[in-house]
Each structure stands twice: as structure tokens, then as C-alpha cells.
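Visitor: Dropping a structure here in C-alpha cells format, bear with me for questions.
Since every read-out is calculated from the coordinates, none of them should be taken as a lab result. This is a predicted model, so every value here is computed, not measured. Note that each Cβ is placed from the backbone with ideal geometry, even for glycine, and that neighbours are counted across all protein chains shown.
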Amino acid sequence: MAAIKPRVIYWFRTDLRLHDSPALKAALDLEPEVLWPIFTWDPHYVYQVKASPSRWQYILDCQQDLSDSIRKLNSKSKLFVIREAPQTLFPKLFSAWKATHLVFERDTDAYARERDKVVTDAAKKAGVEVITRYGRTLWDSDEIVVKNGGKPTMSITQLQAAGQKIGEVPKPIPAPDHLPDAGEVPINFDQDQASKTDDLNASYRSKADNTYRSIAGPKDDFAVETLEELGFPAATTPHRGGETLALQQLDKVMADVKYAATFRKPETSPASMEPATTLLSPNLHFGALSPRLFYWRAMQVVEKYGKGASVPPESLTGQLLFRDMYFAAQAAIGSPYIQTLNNPYVRFIPWHLPSKHDDADTGTMAISGKYHVDSPQADKWFRRWKAGVTGFPFVDALMRQLRIEGWIHHLGRHMVACFLTRGGCYVHWERGADVFEELLIDHEPASNAGNWQWLSCTAFFSQYYRCYSPVAFGRKWDKNGDFIRKWVPELKHLDAKYIYEPWKATQAALDDAGVQIEGDGLSDDGRDDIYPVAMFDFQERKSICLAAMKRAFSIGLHGNDEAVKNGSCLRKQGRQRWKDLMGTNGSDGDKDGGEHAGDAGHEEKHNLKGRNSGKRSRSKSSTVKEGPMDRHVRKLKA
DNA sequence: TGGGTAGTTGGCCTA
DNA sequence: TTAGGCCAACTACCC
């Protein structure tokens, strides 16, 4: 009797490509009789990951392009999108399709590991062999951790040393030139419906999510979902995804040999009208582009260019090394990596708007997406920051570009992150990370949390006295303020002398530009002749924050210290200790001396146009008056 | 043990 | 116009 030929389910996840896929190669090496390329439309993502329509559009682009590419290789195949949670789907699918193997690329984040364990256990039970490979980063993140002595890679030199111990980055695997037929796809089982309660994307939808109406889509053809089905309005980003476009963009970047070979990230402009960097990050995130292909193409160009080429960490390959560093740090630290609480590597700073956590009794202590409003003033600053109406034009331009395009330059991210945390608002970096998670089309959990820790000087970086100025930093790149004129049209005609600091403009200059400086911007009705008053005096805030950071560093608590975990560092005596470094005039959060005073939770109500969420502030100015706490902090500094 | 130095990407002043 | 030095001083790593 002839042996049964393998019947393979290939599960695409964060590897939406055909080129350089070690897992796909492993699947094809089985010489299967049939191979089903599938994607599970997981309700965990659809309801539990908050993302703008732009990011949803991007993942749909990637899926559609992959499906088209599969079909080009074999007209009897495509990407079969199945609309159900993988945990409940696979046990049914294994038997309905008589599969012998399940193959997928390993993933490192906490949810993925948990999900894959459930699926792998179900496969074992069904007698299905599971094969996995890893190709998301240059080196296997778990292997990097081992070579780094079991510790997270907290610097680029550690990552490089660990990588060197493993050896050369694997060379990319060419895309297959053929694919087996997909087998029959009977659905002789019921679809398990996910609960739609707690849909984090509800505020974005103009209609209900319909993607789960049928397991195989509205035409029962396993088609890729559409934004329409998701109930989302059209995406605002001009950036589109997918392997085909990613490879074209990679070719374009590498064709400019001088640009690619001498690329120095710190010398690229955050205020450029056209992106000064490669814009390949969202395709790396969704797996439409292999980092190893990117790496070796960059190495080729560097070799061709010869003397004068840039080197890590500033070069193109350096950027990929940083990505590996964050992935390996996450792999070592596990689920606390994306938060402060219970994370031994992240410094505790008593920022405003700290996260609420899931029940500490169950031991999870995970951030819940909600936060304590310990200071109404800081909360307002945060909302103005998110909406791009801080009254600091360079900050607002960047935040508006982020909201519309889902992408801003890396140094622009530095600027707004420093401003929100240690260099202005003294708001918790987890609030900023939430906003980036929602709005960035290239949001990568490992890089996002890592970079927020970096910029807030709580991990990876600690030189908190290096502070970005919302005026000087932008001006260095764009003297005339063209970038501001594009994104903050209210100031389009303002004299370049005042464009970064309109509060200094004379009335005549404002009249000439046809703009008035007024209000807090949260409740305006989209008028282009009003720009908000700056929310505070930056120099004053900077020195308050700096003094507060200095004190917090000297106390030196970290996320896993008992006093942080049980909250005692903010209670009673502990609170006294922190009281003088809360970074605002602390009167508004200090009424009862208890934990997280003024706690009201918070529901997001504001977008760029304010959505009629409140009446225009009666006060002409929202400049903060100095409070007793501020004087106290200044005394500390003196 | 402890002093020296390196660390992707600051601001500001001066020559 | 731009390059260099100082500011005030962090952690991690090395010898």
C-alpha cells in the first residue's frame, strides 16, 4: 500500500509573503499532495487590537496581494481566509479536510505563544504533525536570548555580540516557482462565533462588523475581508501594503546605491515632505517583506559602494539590528515587556495617567488599556497631544500626520514621545504607546514598547537631560516650516520667524497670516483661522520634568519592586516621597492622599476635530499657572 | 573595586 | 553657515 502523501495546511500569520519563508519551504519540502494556504481572521485581533482603518487597510492589502500571487503560481489555489478563532477552528478543520500536517512560522509575542500552544495541542490530539520555522527577524529571537546569557538584549552591542555567536544571518530563500493544488475545502461544521462585547474598534466603525456573518465570507469563497465588511470608513493613509509593492520599494531603495549605502538614520529629516526613510517598516511588520532579504540586499549595496559606506547602528542594516534587539528583549522578558508593572528592566517613574491593570490577584498584572486620571490637567494635555492641538506647531504637525497617514519619521516619533513623557507633560509612556499602537500602520509591539521605554528614559536609554525642544529640533531640519504649513494649515501663511513659536508672533504678523491664537483646540469646529494657545511654557515644564526625573532616578525603583507592585510607593509615606516630583502643580490629584486620587477611568472622546465633546474654553489662555509644587521642584533643582 | 569610557539620532553658544 | 565644545551627569561595560 502506498504511503499517504502529506495533506498540508499552511497557516499564514505574520508572514504574508512567498519569498524567503523558511516555514513555507518546509511545507513544500514535504512534497504534499495538497497544500491549503490559509489565514484565520482571528476575533482577538478584530476586537481586541485597537487600530485605525489605515492599519486594517494595510493588512487587507497584504492578504489580497498574497492571495493574487498564490493564484498566479497555481490557478487552483489562493489564500483561503477563514473567519473564526484558530483555537476553535483547527480541531474542526483537521478532520473536515483530512489534514496530515500543519505548518506555520513561529511568533514571539505572548498572545501568539498561548494561541499556538492551544492549536498545537489540538493538532497532536488529531494526529496532525506540526512543523514550525522562524523567519521574522534576522536571527531567531529565542536563540539570541540564549547567546545573551538568557537575558534580554538591552543594547545594540549586546544584540550584535549575541548574533555573532550564532553566525551569519541566514541567506534569503527564493519564492517558490510552483505551489501544489489546494484540496477540497468542505465546511461541514458549525462556525463558532466570538463575543463582540468589548470591541475596542467600535468607535471607528460607521457600521457593524460583518466579517463573521459566514465562515467563508459573503460569497462563500474564502475571500479576503474588506474595510466595508468591517464597517470601517475609507482609510486615510496614502501608504499601501503587500509583497509586490514591498519588493518594488526595496528595489527602488537599493537602486539608489549612494542613498542605501551611506544611509545614516540620525541624519534623515523628520520634517521631510516625502518620507526620508524607506517606509518598509509596515511591510516588515505584516511579513510582506523579509528582514533577511532586506539585510542581504543592503549588504550587497554596501559592498558595491565600497569605502565611505555607513555602518551599524546608523546604517540600514543597523535599523534591522535594532528591530532584532527589541524582539529578543521581548522574547526574554515575556508578557511584562510591554509595560512597567512587573517588568524588572523598566524604571518606575510616577508619571501621570498610570495604567489600570488586570486583577493583580490572578497574577497577570497586565495593562488593561484603561488608565487612572490622577491629574485632570495632565489628562487634558494628553488629549491635546493626541489630537494634535498642543499649540506647539511642530508637535501638532507630527501628530496630525500620524493620525492621517499612520506613519511619521522615526525622529518625529522621538520628538512627540519626549514631549509627552519626560520632556513636557510628564504623562506615562504607556499612554503614548497606546496611541501609537492605534494609529501607526507599522506598529510592532516589540519596537513600540521598546522605543517608548527608550524615549522616556525608563529602559534602553537613560540620558534624560537630553531633551528635544519642540521649537529648536524642528527648525534644525526645516527652517521655513514647510512641514508645519502642510499639516497645520491654520499657520500656512505665518512668517517663518514665528512658525515654530506662534505665541511670539506680533498681532500684525497674525493678522497678515489670517490666524488668531485662541482656545485649547479640543472643541474647535475645524476653523482654519484659529490655532490653539500653547498648553504650557516649554522651558518651565522642561526644568520641572528634569528635576522630577533626577529625583526619580535617585530613588531607583523598577517595575518589579514590591513597592511598585503593591502600590505602596504611591501611598501614604510613599506618596509623600513622590509628592514633590509629580511634575505638575499637584493640587488636582492630591485631595485624599490616597492611591490614584481623581480616578475616573477615561473614555476617549476626542479626535482631530473634537467631535463636539465640550464647550470652548472660556479662558483665552490655557497657559498653566505656577503652583506650589512647581516652586518646590525648582527648589530641588537649585 | 573603581575609574574610564561608550552610548544610533539634544540644545545652545561661540568662533 | 557650520563645526566644536560645554551643559550636567544617566547606565553598562570594560579593564
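Visitor: Looking at this model, which pairs from A:Lys258/A:Lys307; A:Lys5/A:Lys78; A:Lys492/A:Lys542; A:Lys165/A:Lys265; A:Lys165/A:Lys304; A:Lys98/A:Lys125 are more than 18 angstrom apart at the alpha-carbon? Please report the intermediate quantities before stating the final value.
Guide: On the way: A:Lys258/A:Lys307 11 Å; A:Lys5/A:Lys78 21 Å; A:Lys492/A:Lys542 28 Å; A:Lys165/A:Lys265 26 Å; A:Lys165/A:Lys304 26 Å; A:Lys98/A:Lys125 14 Å.
The pairs that break the limit, which is 18 Å between Cα atoms, are A:Lys5/A:Lys78; A:Lys492/A:Lys542; A:Lys165/A:Lys265; A:Lys165/A:Lys304.
Visitor: Angle, helix A:156-166 long axis vs. longest principal axis of chain A, Cα atoms, 0 to 90°, nearest 10?
Guide: 20
Visitor: Something else: Amide H to amide H under 5 Å from A:Val34: which residues, 5+ apart in sequence or cross-chain, H placed 1.01 Å off N in plane?
Guide: Counting only residues 5 or more places away or on other chains, the set is A:Val8.
Visitor: Could you give the length gained by full extension between A:Gln248 and A:Arg527, i.e. 0.36 nm per residue of separation minus their alpha carbon distance, to one decimal place?
Guide: 96.4 nm
Visitor: Additional query: With r as the distance between the Cβ atoms of A:Ala202 and A:Ala96 and R0 = 30 Å, compute the FRET efficiency 1/(1 + (r/R0)^6) and round to 0.05.
Guide: About 0.35, to the nearest 0.05.
Visitor: If I model a spin label at A:Glu303 and A:Asp358 as a point 7 Å from the Cα along the Cα→Cβ vector, what separation in nanometres do I get?
Guide: 4.7
Visitor: Moving on to the next point. Treat chain A as a sphere of radius equal to its Kirkwood radius over Cα pairs and apply Stokes-Einstein at 4 °C in a medium of 1.567 mPa s; give the translational diffusion coefficient in µm²/s, rounded to a whole number.
Guide: Answer, rounded: 49 µm²/s.
Visitor: So, one more: Quick one: helix A:429-439 against the long Cα principal axis of chain A, what's the angle to the nearest 10°, folded into 0 to 90?
Guide: Between helix and principal axis, roughly 50 degrees.
Visitor: In degrees from 0 to 90, rounded to the nearest 10, what is the angle of the helix A:53-73 Cα long axis to the longest principal axis of chain A?
Guide: Tilt of helix A:53-73: around 20 degrees.
Visitor: Explain nothing, just the number: relative contact order of chain A, from Cα pairs under 8 Å at least 6 residues apart, as a whole percent.
Guide: Reported relative contact order: 14 percent.
Visitor: Taking θ as phi - 60°, what are the ³J(HN,Hα) couplings along the stretch A:210-223 by the Karplus curve (6.51, -1.76, 1.60), each to the nearest whole Hz, with x for Gly and Pro?
Guide: Listing the rounded values in order: 10, 5, 9, 4, 9, 5, 10, x, x, 9, 6, 10, 6, 5 Hz.
Visitor: Using packing as a proxy for protection, rank A:316-324, A:492-500 so that the peptide with the highest average count of other Cβ atoms within 10 Å comes first.
Guide: A:316-324, A:492-500
Visitor: Looking at the stretch A:180-261, which GluC sites (Glu not before Pro) are in a loop (DSSP not H, G, I, E or B) and have at most 14 other Cβ atoms within 10 Å?
Guide: Qualifying residues, ordered by number: A:Glu184.
Visitor: What shape does the stretch A:243-333 take by its C-alpha gyration tensor, where a ≥ b ≥ c are the square roots of the eigenvalues and a/c under 1.5 counts as rounded, a/b above b/c as prolate, and the rest as oblate?
Guide: Because its axes are fairly even, with a/c under 1.5, the stretch A:243-333 counts as rounded.
Visitor: Where both partners of a DSSP beta bridge lie in chain A, what percent of those bridges are antiparallel, to the nearest 5?
Guide: Values: 3 of 24 bridges.
Roughly 10 percent of the beta bridges in chain A run antiparallel, per DSSP.
Visitor: Here is a further query. Length gain on complete extension for the stretch A:Ile4 to A:Thr132, per 0.36 nm per residue less the alpha carbon to alpha carbon distance?
Guide: Using 0.36 nm per residue and subtracting the Cα-Cα distance, I get 44.0 nm.
Visitor: For labels at A:Ala255 and A:Ser568 in the simple 7 Å Cα→Cβ model, what's the distance in nm?
Guide: It is 6.5 nm.
Visitor: What is the spin-label model distance, in nm, from A:Asn74 to A:Thr506 if the labels are put 7 Å beyond Cα along the C-beta direction?
Guide: If labels sit at A:Asn74 and A:Thr506, their model points lie 7.5 nm apart.
Visitor: Now a separate question. Provide the FRET efficiency to the nearest 0.05 for the A:Ala472-A:Thr226 pair, computing r from the beta carbons and using R0 = 45 Å.
Guide: 0.50
Visitor: If you don't mind, another one. Nearest 0.05, what FRET efficiency do A:Lys219 and A:Gln164 give at R0 = 35 Å with Cβ-Cβ as r? List each step's numbers first, then the result.
Guide: Details: r = 52 Å, r/R0 = 1.48.
That pair, A:Lys219 with A:Gln164, gives E of 0.10.
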